[in-house]
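First comes the structure, then the notes that go with it.
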Amino acid sequence: MDHGSSERPSGGGLRGRDLLGLGGLLVAAVVGGLVIGLLVDQAAGTSPLFVLVGIALGIVAAAVGFWIRVRAALRE
């Protein structure tokens, strides 16, 4: 019996590295939407309109990306 095996345990699941990647995905999507919203607001001369739209789109993108990655990890 090999206790030093580096194979993934049966049943798949998420490891620490996977969870860090998910956290990075969530942060990047929301911050990216925020930054794009700020840039569009500056260019258009509007106040918080595109910042709010950018944050909302970032949250949606983060949720979709999260769902896709978790679903794929749980299928392994």
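Values in this text are rule-based calculations from the coordinates and carry no lab data. Note that this is a predicted model, so its numbers are computed, not measured. Glycine gets a Cβ as well: all are built from the backbone with ideal geometry, and neighbour counts include every protein chain shown.
Listing for the model above:
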{"quantity": "Filtered residues of the stretch 47-64 (kept if among the aliphatic types (A, V, I, L, M) and over 15 Å from the mean Cα position of the chain (by Cα))", "calculated": "L49, V51, L52, V53"}
{"quantity": "Residue tally, condition assigned to a helix (DSSP H, G or I) and free of Cβ contacts under 8 Å to residues at least 24 places away in the same chain, over the stretch 29-46", "calculated": "10"}
